[in-house]
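Data first, discussion second: the structure below is written as structure tokens.
The values are calculated or read from the model by the stated rules, or taken from the named source; none is laboratory data. If you're wondering where the values come from, they're calculated on a predicted model, not measured in any experiment. Every residue, glycine as well, gets a Cβ built from its backbone with ideal geometry; the counts of neighbours run over all protein chains shown. Each accessible area value is taken on the protein alone, full model and side chains, heavy atoms only, with ligands, DNA and RNA left out. Shrake-Rupley method; radii C 1.70, N 1.55, O 1.52, S 1.80 Å.
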Amino acid sequence: VQDAYGYAGSPAGHIDTWRPRELPQLARVTYLDYAGAALATSSQLDAIRSAAGAVLGNPHTLDDGGASSFDAAARAECLRRWRGRGSYELAWTSGATAALRLVAEAYFSRSSTSPLVFMHEMDAHTSVLGMRRLALRAGAEVVVLDDQRRWVSSLRDDDDDDDESAKPRRRRGGLAVVTLESNLRGGAVRPPSSSKGREEVGCGPPRKVELIATLRRAGFFVCVDASKFAATAPLDLETLDADYVVPPSFYKLFGAPTGLGCVVARRGPASQTLLRAKREALYFGGGTVERASASEARWEVIKRSFAEAFADGTPHYRGVADLAAGWAALDAVGGMERIQRHCRVLGAELHRRLRALTHSSTNAPVVRLYSDDPESSSVAAFNVLRDDGGVVSPSLVAALARGQGLVLRAGCACNVGACAEALGLSHEDIVRSWERGAACGSSDDLLPDGRPLGLVRASLGKDSTWEDVDRLATFLEATFRVVVHSGKSVLTTGAAASEEVDVDDDAAVVEEVQKKKGSSETLLYRLDEVRVYPVKGCAAADTPTSAWPLVRDGRLRHDRAWVVVDDVLGVAATTKTHPRLALVKPVFSYADDDEAASRRGVHDDVERRLRLRLVAPTDDDDATGEARASAPSLEVPLFFEQQRWDGVIPRGGATLEREEHVRICGAARSGAPVVTSAARLSLFFSRALLGVDDAARFRLVRSRSAETSFANAAPLLLVTRRAVARLNRDLAASDAQPVTADHFRANLVVSDGGAGAASSSSRDDDDAEHPEDAWAAVRTRDGALRLRVA
């Protein structure tokens, strides 16, 4: 494993030595979508910029020394690396999709007297499915190869086979597309042994090689889609022995250039079939003809060269010139064989880590994997499960991951066949979901019965590391895993109960501390700030007065009185699941700028004039004044009086229609939905938290009255500035960013009052920095308020 991982001994050296320099952007982002696109290294981009000074004009104009001189050399280099030089021809395209289209258009536009058949696997890219339209227009029969072993058997010549259902499939002739490796579920990338003496030959899984050979013997032209496989493994055209091969678009190999791919055709009948079809095609471009007459509409001569016959227009010559820098980047780490081994080791570790995640409350898995070959695949397709077995929306998982700096793919990754097979979706399921508005890639990705319409894909590549795998596993565990803590189900977030404070009575200004264990020593502290958090997880509210009332159980009025519910995730939103929640700013104000009310403070006689507004985050997290005033906001109705549960008539036109149970830290809590402008409310939070428009994902739930809240345990939380200062000294020693009292989301922030603080100097340093560890109670100096420390 050590030899396989990291490219030790390669010209570039171990990945830990060069990745920070070559890909500095990955210091902030965990990139896990290499099946979607590779990343160009700094050295590669520098080489491309250095070459930009050469005169690279239109290859139809320049000859030796220009674009045409390296075009042929670049094609020859591709074939050499893919072990097809001398046996195959190569033509440039705009990408892998264009290459597949070229094959389909050429094959199904040719004249044919025999019945045509188009065959593809169930697990195939959407671009392969697109070829069937051309096949159907040509009158071809479309066959979906859904059971490979059965089809291989049925395609073999066996006169004794009496299976009538197989006989129609034995028709001679047709085009078959074989996907070498699934871009969604992976597949074996372990190279088979070769009689050619190489220890590893990147010719694809042996079962695919057998299928290709069987299809060719049955009279099919075989097109191999190698766009996923060859992005992380060596491609061997001779061993594949297919008629046509579609390699990856080059940006999937080394990040740049984009807009360039190619199609490879075996010399002989395969290439000639496409050339004849090109001569009969409905269109030709300027780069494909040797001669044409403008006065005679039916006379033009298509070029005989395979590479030129399909070059409609000017090729992407600048991109062709950039290929040399890309190949050099692969060679620096030891080539595709080393990349294959590196990805295989990381893929096995990724699957191991995901399989190991379980909810300790039920021992149920956190992740359901769909990968074909977890021991060697560089792709992990999965869904996240709640502890009750329900599936978390794949799009939500990806959105939450983005908030933590992880790049994942959600949906079907342009492979609807593999997706449907993995998720057990029927054609009817797909049609019904579309009819209700669930398009491919939308956030509405759960059926009414809870089954997902998509999944999450993490894919590894040349530049992936152990740390990338660890960050994904850690994110999934921290965000979705449910554990048993202190006898109840809670998420692995939040402070322990021993760090929280209970409150009995009214507000305080100066507090006096009594030590535990019978000591009569007291310390004077000043109450610097009183903070109320009306919406659980959001920022502390701006208030129109420095005083704020407590209610009967010692809570600050309206503190944690609302909670945002994510219906897709099925739980209350937290700063772990939605980090931007902490940037939503609540603002209390009085209607009509009631200055007199502000001077009197928040009391029952003026509270009816109180208003609550939520302000969305701005690009500048520290924005104030005009910037915040112009940010999107949402008015929230306030419920004041305790009324009959089934008959509340709150202000602002909202109604309490029903009791609802909200999962907060694994436990069910009762509340009531705020239904005023429900769609606008969901749009506000979906835009603020996820950057998307979703009018049905989020709800705001109100506690049963102003006297109750959704606080986790204790009614009030307290932090001392001394403890924050001590923590910052430890962080500074580790070169970490400092924190403020805001990070602890405390209701009460206190600092040393001076008079009694000196009595702590005789204690050791730890006690001096954290005297609150020994507190038994907190009370006001006049005795009007006493707080019991839990």
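Annotations for the structure displayed:
- Only strands (runs of 3 or more DSSP E) whose full extent lies in region 238-305 are considered here, and the ones with at least 2 residues that are farther than 15 Å from Ala96 by Cα and open to solvent by 10 Å² or more (accessible area, probe 1.4 Å) are 289-292, 300-302.
- Look at region 433-445: where a residue is within 12 Å of Val416 (Cβ to Cβ) and a partner is at pLDDT 70 or above, sitting 6+ places away or on another chain with Cβ atoms under 7 Å, you get Ser433/Leu447; Ser433/Leu453; Cys440/Gly411; Cys440/Cys412; Gly441/Gly411.
- Residues (surrounded by fewer than 18 Cβ atoms within 10 Å (Cβ to Cβ) and assigned to a helix (DSSP H, G or I)) located in region 71-86: Ala72, Ala73, Ala76, Glu77, Arg80
- Residue pairs meeting the criteria (Cβ under 6 Å; at least 6 apart or on separate chains; first free of Cβ contacts under 8 Å to residues at least 24 places away in the same chain, in region 720-741; second of a type outside the set (Ser, Thr, Tyr) and in a helix (DSSP H, G or I)): Val724/Ala741; Pro738/Asn728; Pro738/Leu731
- Of all residues making up region 121-131, the number that are crowded, with 19+ Cβ neighbours inside 10 Å and not polar (S, T, N, Q): 6
- At least 2 residues being modelled with pLDDT of 85 or more, touching a Phe, Trp or Tyr at 6+ places or on another chain (Cβ under 8 Å) and not β-branched (Val, Ile, Thr) is the threshold, and among the strands (runs of 3 or more DSSP E) wholly inside region 658-761 those reaching it are 698-702.
- Subset of region 314-343 that is in a loop (DSSP other than H, G, I, E, B) and open to solvent by less than 50 Å² (accessible area, probe 1.4 Å) - its residue that is farthest from Thr232 (Cα to Cα): Pro315
- Taking the criterion of being crowded, with 20+ Cβ neighbours inside 10 Å and within 22 Å of Asn183 (Cβ to Cβ), the residues of region 21-36 that qualify are Thr30, Tyr31, Leu32, Tyr34, Ala35.
- Matching helices (runs of 4 or more DSSP H) fully within region 372-476 where at least 3 residues are at pLDDT 85 or above and open to solvent by less than 20 Å² (accessible area, probe 1.4 Å): 394-403, 416-423
- Residue in region 403-420 that is farther than 23 Å from Leu145 by Cβ, free of Cβ contacts under 8 Å to residues at least 60 places away in the same chain and basic (Lys, Arg) present: no
- Complete set of residues in region 288-319 that are touching an Asp or Glu at 6+ places or on another chain (Cβ under 6 Å) and either among the basic types (Lys, Arg) or closer than 20 Å to Leu260 by Cα (or both): Thr288, Lys303, Phe306
- Residues within region 210-233 that are at pLDDT 90 or above, open to solvent by 10 Å² or more (accessible area, probe 1.4 Å) and in contact with a helix residue (DSSP H, G or I) (Cβ under 7 Å, 6 or more places away or on another chain), tallied: 4
- Single match in Ala104, Ala91, Ala99, Ala40 (criterion: in contact with a strand residue (DSSP E or B) (Cβ under 9 Å, 6 or more places away or on another chain), open to solvent by less than 50 Å² (accessible area, probe 1.4 Å) and either outside any helix (DSSP H, G or I) or modelled with pLDDT under 85 (or both)): Ala91
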